[in-house]
Amino acid sequence: MQGLEGKVAVVTGGAGGIGSALCRRFGAEGAAVAVFDIDHAAAEAVVAEIRAAGGAAGAFAVDLTDQDSVVAAVAAVEDNLGPVGILVNNAGWDRAGAFLDTDRALWERIVAVNLYGPLHMHHAVLKGMVERGEGRVVNIASDAARVGSSGEAVYAYCKGGLVAFSKTMARELAKQRITVNVVCPGPTDTALFRDFCGEGEYGDKLRNALVRSIPFGRLGRPEDLPGIVAFLSSDDAAFITGQVISVSGGLTMAG
Ligand code: NAD
């Protein structure tokens, strides 16, 4: 992919299922990868994998819900790896449940990770991109933002907000040649998805029903995401901004 080699790429939630696949791909493309995660040991393991494959990477412990923590981690990346050229806001969190059974403490946690996390990251990283007049942002939302998802009302509310925010940032930053795009995974086999489905007979039924609804007849895999994210971060996507793309085996076909 053109234009990734030598760039610094920050991936939030880089230790997770989809995030670690994104980090490995950026490493293989020759980018210096900053793995941002609250789970520092898991982030270090991803960094070790990238380095073992000949790539460059560093792990940065960060709680995305805490603006000071984000500002410190971004400063550490700039000191250690250099200016950030690519930002992928991938971290996310949810706890499934019917909206009327949930309470404000849960809403606040979901909003803190899925809405405030990306706000903190954009605010900390984009000033440098604006000064340099270049940058790529890819935000990982969800098909829940496009078509809704029972049991994920507040999460969908956040992801829908992330889509609207991304389109607005794409407009505000176009003059500085910074692109902002959104990738929406469908059901993808990671820890987050397994938590959503839960264990036992109910979990199996839900998983099977979801698989039946996907035209490709299978769940997404973390490896399904890096291609589009690398492309949107590359020179080839320099004139593409404000777009939303689903990676869900045909589950969501939006015009
Ligand atoms: P995951 O649970 O495997 O990984 C999420 C990562 O984010 C974890 O490593 C976790 O430690 C990190 N994280 C969570 N809260 C954090 C915080 N406060 N600070 C720093 N790091 C934090 O999840 P995943 O399935 O790989 O999800 C990646 C993205 O894809 C998320 O934005 C998710 O909403 C989205 N998504 C996933 C699915 C799916 O079915 N898996 C579907 C649609 C969208």
**Request:** Give the range 145-182 a look and list any residue that's within 16 Å of TRP93 (Cα to Cα) and within 11 Å of the ligand (Cβ to nearest atom), or say none.
**Result:** ALA145, SER149, GLU152, TYR155, ALA156, CYS158, LYS159, LEU162
**Request:** Read through the list (1) open to solvent by 10 Å² or more (accessible area, probe 1.4 Å); (2) in contact with a helix residue (DSSP H, G or I) (Cβ under 6 Å, 6 or more places away or on another chain); (3) within 11 Å of the ligand (Cβ to nearest atom), then give the number of the only condition that HIS40 fails.
**Result:** (2)
**Asked** Restricting to the range 91-107, what's the tally of residues that are surrounded by fewer than 17 Cβ atoms within 10 Å (Cβ to Cβ), charged (D, E, K, R) and not in a helix (DSSP H, G or I)?
**Response** 2
**Asked** Which of the residues that make up the range 48-90 are in contact with a helix residue (DSSP H, G or I) (Cβ under 6 Å, 6 or more places away or on another chain), within 26 Å of PRO185 (Cβ to Cβ) and part of a loop (DSSP other than H, G, I, E, B)?
**Response** GLY55, VAL62, ASP63, LEU64, THR65, ASN90
**Prompt:** Among (1) closer than 18 Å to ARG24 by Cα; (2) in contact with a strand residue (DSSP E or B) (Cβ under 6 Å, 6 or more places away or on another chain); (3) of a type in the set (Val, Ile, Thr); (4) within 11 Å of the ligand (Cβ to nearest atom), which single condition is VAL247 missing?
**Reply:** (1)
**Item:** Enumeration of residues in the range 190-226 that are acidic (Asp, Glu), open to solvent by 70 Å² or more (accessible area, probe 1.4 Å) and modelled with pLDDT of 95 or more
**Value:** GLU223
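Search the range 66-86 for residues being in contact with a Lys or Arg (Cβ under 8 Å, 6 or more places away or on another chain) and either of a type in the set (Asp, Glu) or open to solvent by less than 60 Å² (accessible area, probe 1.4 Å) (or both), and hand back the single one that is nearest to LYS7 (Cα to Cα). Give the steps one after another, and end with the answer.
Residues of the range 66-86 that are in contact with a Lys or Arg (Cβ under 8 Å, 6 or more places away or on another chain), as a first pass: 83, 85-86.
Subsequent filtering for residues that are either of a type in the set (Asp, Glu) or open to solvent by less than 60 Å² (accessible area, probe 1.4 Å) (or both) retains 85-86.
On the way: GLY85: 6, ILE86: 7 Å.
Result: GLY85.
The values are calculated or read from the model by the stated rules, or taken from the named source; none is laboratory data. Treat the numbers as computed from the prediction; the structure is a model and nothing was measured. Positions of Cβ are backbone-derived with ideal geometry, glycine not excepted, and every protein chain shown enters the neighbour counts. To get the accessible areas, we keep the full protein, side chains included, count just its heavy atoms, and leave off ligands, DNA and RNA. Shrake-Rupley method; radii C 1.70, N 1.55, O 1.52, S 1.80 Å.
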